[in-house]
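> What follows is a single structure, and I will ask about it in a moment.
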Amino acid sequence: MRTAPTILHLDMDAFFASAEQASKPSLRGKAVIVGGLGPRGVVATASYEARVFGVHSAMPMAQARRLAPNAACLVPRFAFYRSISEQVMGLLRSLSPLVEPLSLDEAFVDLEAGGAAGDADSARLVGEGLRADILAVTGLTGSVGLAACKMLAKIASEQAKPDGLVLIEPGTERSLLEPMPVRTLPGVGPATGDHLRRAGIHTVGEIAEAGEGELVRLLGKAHGQALHAMALAHDERPVVAEREAKSVSVEDTYDVDIHDRLRVGLEVRRLADRCVRRLRASGLSGRTIVLKVRRYDFSTLTRSETLRGPTDDPAVVREAAARLLESVDTTGGVRLLGVGVTGLADYTQEDLFAQAAGARAESLAEEPAEEPDEEQAAPAERRWPSGHDVRHAEHGHGWVQGSGVGRVTVRFETPLSEPGRVRTFRVDDPDLEPADPLPLVRRRQNGAEGAEGAACAVGGVDPAL
Ligand SMILES: [Mg+2]
């Protein structure tokens with residue numbers, strides 16, 4: 001293991017909820033819950049104000065609403081979060097070629113590999129500089145952990161939350177870990193935690209004390225050995241740079257299981273089109289078409305078909321997905337469908353598929369990027385998802401605070417405005433239309449300052465807005 005705390009772990013604070021609060025002045029300092037609002041919805045992120053009530057990620061939304069009845073419950077805006085994430089990841093990549101993203105808002109960075117830091121003092125300076133840059137570029141806060149290994153860097157960022165930095169000095173690792181609960185260690189979930197507790201092992205120190213033999217006896221060879229090593233602060237896992245995306249896939253979970261075979265076929269067709277749009281947007285093509293089906297009883301099947309060469313033709317992907325669907329029994333009902341393309345290449349051998357594309361020559365460009373089918377005759381909640389941006393011809397930019405019974409309530413405010421006023425419209429008001437998110441920070445005049453990520457506008461938004 002290295003001797004300097006030059007592995008950095010960044011974790012944005014309550015990322016989705018903070019992004020929503022930054023974009024909606026009236027929600028700052030308030031309980032905000034971002035997640036699925038349907039009957040099977042779960043919490044993706046809760047703001048710190050909502051966590052006070054016991055709301056946390058992965059909790060069923062219905063339970064979260066009971067705990068925090070006054071919280072604003074918002075439908076996630078992943079494209080918006082992804083655009084912020086790209087700015088953050090850009091800042092990390094300016095520090096080192098070794099950046100390992102774990103999710104949209106979390107990553108390891110090897111500062112030594114980038115030559116950004118070689119000892120504790122320089123690592124701390126880099127970490128504080130990074131936090132300042134993230135705030136300046138995105139308007140959001142992130143917490144930084146620094147340590148000599150990944151496990152401890154992640155523990156440190158957890159301790160640093162929110163809006164802080166914790167550096168674990170090499171040599172202090174064992175004494176720091178000893179009193180911590182076993183669940184602190186990576187790979188100890190609720191089941192393993194219970195198992196250890198029944199054996200009288202509650203803390204990391206007690207794992208170390210129990211010895212490798214006892215851990216292997218309790219948890220099996222691989223898991224036992226790994227856990228014992230972690231308890232001794234031995235973690236040699238390297239930071240692995242982000243690999244190229246090897247597949248593109250889309251999937252949908254349905255609020256109510258789909259039984260109608262025809263409808264299943266239509267959904268697969270729609271997913272195939274969406275997958276191809278995403279593929280084309282990345283300038284990619286792929287050879288293997290994958291269909292994923294989760295049935296009513298949670299059994300999940302995947303079927304795949306490999307073509308003679310890569311394609312990004314919607315007709316080809318659609319036909320392959322339809323063929324794959326033929327081999328799947330869906331009689332009990334379907335709760336999730338997905339279509340993916342793997343074996344990606346950055347070129348397309350159109351000629352191989354000339355006959356499949358044939359006279360249809362369908363234009364994907366004519367279709368809006370988001371779920372056109374669902375919007376037809378969709379209830380107001382679908383057409384105007386809570387939290388999404390809108391623009392009114394007279395009142396300007398705002399966001400949907402709620403909708404139902406033919407009405408939609410909009411709060412008119414922007415990231416840089418004061419908290420705004422609320423107005424209610426008919427859901428079919430011709431003056432009201434969906435809008436793109438606005439940037440969270442005023443664009444700086446001096447583009448040379450900070451990292452290149454600073455130059456990105458949020459999600460294709462006109463920077464002049
Ligand atoms: Mg986070």
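Each value in this text was obtained by applying a stated rule to the coordinates, not by laboratory testing. The structure presented is a predicted model; accordingly, all values stated were derived computationally and were not measured. Neighbour counts run over all protein chains shown; Cβ positions are idealised from the backbone, glycine included.
> Could you pull out which residues in the stretch 79-117 have an amide N less than 19 Å from a spot 7 Å beyond the Cα of Arg237, following the Cα-Cβ vector?
Taking a point 7 Å out along Cα→Cβ of Arg237, the residues of the stretch 79-117 whose backbone N falls under 19 Å are 98-113.
> Which semi-axis lengths, in whole Å and largest first, follow from the square roots of five times the eigenvalues of the Cα gyration tensor of the stretch 147-283? Working shown, then result.
Values: eigenvalues 352, 96, 42 Å².
Taking √(5λ) for each eigenvalue gives 42, 22, 15 Å, largest first.
> Using a simple spin-label model with points 7 Å from Cα along the Cα→Cβ vector, what separation in nm is obtained for Val52 and Arg183?
Rounded to a tenth, the inter-label distance reads 2.3 nm.
> Sort Val328, Val250 so the one with the fewest other Cβ atoms within 10 Å of its own Cβ comes first. Working shown, then result.
Values: Val328 17, Val250 20.
Fewest to most other Cβ atoms nearby, the residues stand as Val328, Val250.
> Follow-up. Can you list the lysines whose alpha carbon sits under 20 Å from that of Lys161, skipping same-chain ones fewer than 8 residues off?
By straight Cα distance, Lys161 reaches Lys30, Lys150.
> Mean shadow of the stretch 145-217, computed from the convex hull of its alpha carbons, in nm²? Mind showing how you got there, number by number?
Working: hull surface 20.6 nm².
Reported value for the Cα convex hull: 5.2 nm².
> Right, next: Taking neighbour Cβ counts within 10 Å as the exposure measure, how do Asp194, Asp13 sort from fewest upward? If you can, show how the numbers build up before the last one.
Working: Asp194 10, Asp13 20.
Arranged by neighbour count, lowest to highest, Asp194, Asp13 become Asp194, Asp13.
> Output the peptides 26-32, 388-394 sorted from most to least packed, where packing is the average of other Cβ atoms within 10 Å over each peptide's residues. Walk me through the numbers before you get to the answer.
Details: 26-32: 18.9, 388-394: 15.7.
Averaged packing, sorted descending, gives the order 26-32, 388-394.
> Would you work out the charge dipole size for the stretch 175-231 about its Cα centre, treating the Cβ of every Lys and Arg as +1 and the Cβ of every Asp and Glu as -1, and quote it to the nearest 20 debye?
Numbers: 5 positive and 6 negative charges, 43 e Å.
About 200 debye.
> Compute the long axis of helix 221-231 from its Cα atoms, compare it with the longest principal axis of the Cα atoms of the chain, and write down the angle in degrees, 0 to 90, nearest 10.
It works out to around 70 degrees.
> Sticking with this structure for a sec: In the chain, what is the volume of the convex hull around the alpha carbon atoms, normalised per residue and reported in Å³?
Measuring per residue, one finds 187 Å³ for the Cα hull of the chain.
> Taking a cut-off of 26 Å, what percent of all Cα-Cα pairs in the stretch 42-153 are separated by more than that?
Details: 2055 of 6216 pairs.
It works out to 33 percent of all Cα pairs.
> Along each of its three principal axes, how wide is the spread of alpha-carbon positions in the stretch 377-434, in whole angstrom units, largest first?
34, 19, 15
> Under a point-charge model restricted to the Cβ atoms of Lys and Arg (+1) and Asp and Glu (-1), what is the dipole moment magnitude of the chain relative to its Cα centre, in debye to the nearest 20?
Dipole size: approximately 1000 debye.
> Taking neighbour Cβ counts within 10 Å as the exposure measure, how do Glu128, Glu20, Glu305 sort from fewest upward?
With the sparsest Cβ surroundings first, the list reads Glu128, Glu305, Glu20.
> How would you classify the stretch 1-80 from its alpha-carbon gyration tensor, with a ≥ b ≥ c the square roots of the eigenvalues: rounded for a/c under 1.5, else prolate if a/b is greater than b/c, otherwise oblate? Show your work: numbers first, answer last.
On the way: a/c = 2.13, a/b = 1.82, b/c = 1.17.
The shape class here is prolate.
> For the stretch 175-231, what is the per residue volume of the convex hull drawn over the alpha-carbon atoms, in cubic angstrom?
64
> Based only on Cα atoms, what mean projected area does the convex hull of the stretch 101-166 have, in nm²?
Details: hull surface 17.1 nm².
Taking a quarter of the hull surface, the average projection is 4.3 nm².
> How about Lys292: which lysines have a C-alpha closer than 29 Å to its C-alpha, ignoring those fewer than 8 places off in the same chain?
Straight-line reach from Lys292, under 29 Å: Lys246.
> Hey, another quick one. Give me the one-decimal nm value for the distance between modelled label points at Thr302 and Glu251, 7 Å along each residue's Cα-to-Cβ direction.
If labels sit at Thr302 and Glu251, their model points lie 0.8 nm apart.
> Glu209 versus Asp163, label points 7 Å from Cα toward the beta carbon: distance in nm?
It works out to 4.0 nm between the two label points.
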